[in-house]
Structures are given as C-alpha cells and as structure tokens.
1. Given the whole protein assembly as supplied and a 1.4 Å probe, what does the accessible area of Arg328 come to in Å², nearest 10?
2. Going by accessible area, probe 1.4 Å, with all protein chains left in place, what is the ranking of Leu393, Leu83, largest first?
3. Peptides 114-124, 361-371: what's the order by average Cβ count within 10 Å, highest mean first?
4. At a 10 angstrom cut-off on C-beta neighbours, averaged per residue, how do the peptides 349-356, 289-296 rank from highest to lowest?
5. With an 8 Å Cα cut-off and a minimum separation of 6 or more residues, compute the relative contact order for the chain in percent.
6. Give me the dipole magnitude in Debye, nearest 20, for the chain about the Cα centre, with unit charges on the beta carbon: positive for Lys and Arg, negative for Asp and Glu.
7. Could you work out how far apart the two model spin labels at Asn248 and Leu212 are, taking each label as a point 7 Å from the Cα in the direction of the beta carbon, and quote it in nm?
8. For segment 343-405, what class follows from the C-alpha gyration tensor (a ≥ b ≥ c being the square roots of its eigenvalues): rounded when a/c is under 1.5, otherwise prolate if a/b is larger than b/c, else oblate?
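The values are calculated or read from the model by the stated rules, or taken from the named source; none is laboratory data. This structure is a prediction, so every number in the text was calculated from the model and none was measured. Note that each Cβ is placed from the backbone with ideal geometry, even for glycine, and that neighbours are counted across all protein chains shown. Heads up: the accessible areas ignore ligands, DNA and RNA and are worked out on the full protein's heavy atoms, side chains in. Shrake-Rupley method; radii C 1.70, N 1.55, O 1.52, S 1.80 Å.
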Amino acid sequence: MNLKYKFLFALLIFIALFFRFYDLKKTNIFNDELDVGYSAYSLLKTGKDIKGNFLPVYIQTLEESRAPFLIYSTIPFVYLFGLNHFSIKLVPLLYSLLTAIYFYKLIKILSKDNYLALICSSVLLITPYFFHYSRHAFEITSLLFLTISATFYFFKFLTSEKIFHIFISIFFFSLTFYTYNTGFIFTPLLFLYLLITNKNQIFAKKFHKKILSAFIFGLILMTPIIHQTFFGKVSSRFKLISIFSDQNTFNQIIDKRTLYPNNSPLLDRLFYNRPIYYIKNFYQNYLKSISLSTLFFEADPNPRHSPPGFGFFPSVYIAYIFIYLLKRKQTNSADKLFIFWLVISPIASSLTQNGGNHATRLAYLILPIIYFTSKGISSIKSLYLFSSLGFILLFQLSAFYYYYF
C-alpha cells in the first residue's frame with residue numbers, strides 16, 4: 001500500500017471511529033446486550049455462568065443459552081472499564097473496524113486493486129446495516145470479522161505458501177461455530193468452496209501432511225461445539241425457531257386435509273404434507289431475503305435490528321450494482337467468491353421462522369452487496385454520473401444518520 005492509500009485508509013478509520021463513538025452512551029441498550037454484559041461479568045468474577053457452569057462452551061444467560069465468543073470477548077473490557085454501557089458496546093465496535101480492515105486486505109489480495117479495496121472498506125463502514133450492528137452487542141460484527149479474516153488468511157496461504165496462514169484460517173473458521181448459529185451452515189459451505197476452487201494448490205504433495213494436521217487442529221477445536229450441536233443447547237435452540245417446528249405449517253396441512261372430507265386421503269397426503277410445506281417455506285424465505293424490497297426498502301420490521309423506514313442498504317446501491325453488471329467484462333476470482341457468498345448467505349436464515357427478513361440472521365449478505373456496489377462505483381468513468389449518484393447516496397445516508405441519531 002503506497003503512502004496515499006495509507007493516509008486515506010487511516011483517515012477512513014478515524015472517521016469511522018468518530019461516528020461509532022459519537023453519542024454511544026445515549027444509544028439504547030437492549031436486553032440481549034445486558035445479557036452479554038452480565039454474563040461476561042459473571043464469568044470474570046466466578047468463572048461460571050448464572051447456572052453455575054464452569055467456563056461453559058454454550059453459556060446460559062438471563063434469557064437463553066448463547067454462543068460464547070462475544071461474551072468471552074467482552075470479559076477483558078469489563079475488567080478494564082467495569083460493567084457499564086461503554087464496555088458492553090466497545091467489543092462489536094472494534095470488531096466492525098477489524099472487519100473493514102480485513103475486507104480491504106482480502107479485496108487487495110484477490111484483485112490487486114488498492115482503489116477498489118479502499119472503496120469496499122469505505123462503503124462497508126458507512127452502510128447503515130453494518131453501522132447499526134457495530135454499535136450494539138450482537139454477534140454479527142464478530143461473526144463477519146472471523147469469516148472475512150479466515151478467508152483472507154486462506155488466500156494468504158495460497159500466495160505465501162506458509163503453513164502458518166492456513167492454521168490461522170482454520171482457527172478463525174472454527175471460531176465462527178462459537179459465535180452465531182448461522183455459521184454452522186455458512187462456514188462449511190464457504191470452506192468447501194475454497195477447497196474445491198483451489199484444490200490443486202491446497203492438496204499439492206508438499207503440503208499433504210501439514211494440511212492434514214491443520215484440518216485435525218480445526219476438528220479438535222470444533223469438537224465441543226459439535227457435541228453441543230447434536231446433543232446440547234444448540235440443537236434445542238434451532239428446534240425452537242426452525243421452519244420444521246412451525247405450528248402454522250402443521251395447522252395449514254390439517255386445514256387442507258380436512259377442508260373437503262370427501263377427498264381422497266391418499267391424494268391429500270401426497271399434496272399436503274410436511275416435506276412439501278418445508279420446501280415451500282424455505283423457498284419463500286430465501287426469495288424474500290434477496291428481494292429488492294427487503295434489501296433496499298423494507299428491511300427487518302423489528303426496530304432493534306433496523307431503524308423503521310429504511311432498507312438494509314440505501315436504494316442507490318441498486319444503481320451501482322446495475323452499473324457493475326453492465327460494465328462487467330469477465331468474472332474474476334473475487335467476483336466468483338462473492339457471487340457464491342451471496343448465494344449461500346440466506347440459507348441458514350431461510351431455515352428459520354420469519355427468516356426472510358431477519359437482519360441478524362441475514363448479516364452475511366452485507367459483504368457481497370457491498371462488494372458489488374463498490375465494483376459499480378469503481379467502474380464509473382463519467383464525472384456527471386459519479387457526482388449525481390454520489391449526491392443521491394449522500395442524501396440517503398444523511399437522512400438515515402439524522403433519523404438514527
């Protein structure tokens with residue numbers, strides 16, 4: 001990175017820090033955040049959660065059982081600053097900055113384009129969806145940080161061929177399982193994609209034993225949470241929110257089968273059954289999650305997840321993405337990665353009730369949308385078009401931040 005880009009990147013981080021710290025003490029603190037703070041305090045003072053479990057893999061909090069990564073990450077800040085508003089919200093704020101830094105590093109290593117990498121990080125830091133979560137103690141910024149950094153170190157290994165980098169990559173990928181439940185589906189799919197698309201380098205003879213040891217290292221790290229997944233609190237949590245336990249689905253099937261008593265019971269079972277309705281619900285959730293309406297206009301109806309009246313992303317991003325699609329000449333490795341990333345991002349959320357617009361469960365969508373938006377911005381050559389769309393973007397962001405603060 002030359003001096004000019006170093007200066008711009010440092011300036012960008014400073015501005016991002018300013019707005020993230022601005023009026024932080026006046027920001028609403030939700031019950032989930034109180035859960036994080038009190039659980040971190042309990043572990044700091046006693047080494048146990050509120051149920052008396054010593055250094056638990058899955059933490060019992062005041063409200064529910066929770067993945068441990070964010071809570072354990074909060075302990076040092078509670079120790080340094082006490083149990084207060086600031087110490088609880090500082091952790092996701094710092095993870096949001098680390099996400100932007102590793103997003104920059106990943107785009108740079110894939111595209112060799114400092115300008116595009118800088119735009120990606122800039123757009124990420126100002127985007128309302130990401131900004132909102134960076135000021136609240138939800139697991140999203142930590143999950144995105146772990147995923148993007150793990151992906152970066154994977155590609156760093158391919159370029160440096162230093163086995164240390166693949167160990168770091170697998171370490172960070174493993175930690176996503178301890179962070180948020182969507183990682184249980186997203187991480188294996190992404191990792192499998194990375195292995196398949198780079199199989200010649202990954203499975204080169206000179207790396208066989210070292211790569212195998214890295215995989216074993218990852219499996220050992222994930223063993224406790226895998227056990228919880230199949231036999232413990234993770235599975236009970238999924239059963240509670242999944243489309244497979246939605247009572248409305250059962251009611252609809254019963255209604256269809258009993259509406260006309262003279263119908264053939266065999267045909268009723270053929271057309272009105274749980275597998276068909278599960279597929280239908282998943283399909284509806286998935287399409288809703290990637291619809292223009294959800295992404296750019298309506299967002300999540302829960303005001304904890306997104307301020308009312310705004311989409312996940314400013315609607316002008318549609319224009320930038322359209323420009324990228326028009327000007328795209330060929331699909332490079334970064335494009336392919338984020339196309340795949342975009343396709344698999346809604347899968348985990350679509351398996352849950354109301355998962356079609358649940359902002360927290362759909363947070364993996366942030367990075368590919370930002371990437372393709374940034375590609376559109378970087379490809380604009382017309383000063384008039386650049387200025388016009390830039391003015392619209394500035395207005396939409398100003399409207400959001402005015403309302404937000």
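1. Looks like 110 Å² after rounding.
2. Numbers: Leu393 20, Leu83 80 Å².
Output order, biggest surface exposure first: Leu83, Leu393.
3. Values: 114-124: 22.4, 361-371: 25.1.
Highest to lowest by the protection proxy: 361-371, 114-124.
4. The peptides rank, most packed first, as 349-356, 289-296.
5. Relative contact order of the chain: 15 percent.
6. Values: 38 positive and 16 negative charges, 251 e Å.
That gives the chain a dipole magnitude of about 1200 debye.
7. Each label point is offset 7 Å from its Cα along the Cβ direction, giving 5.1 nm.
8. It comes out oblate by the Cα gyration axes.
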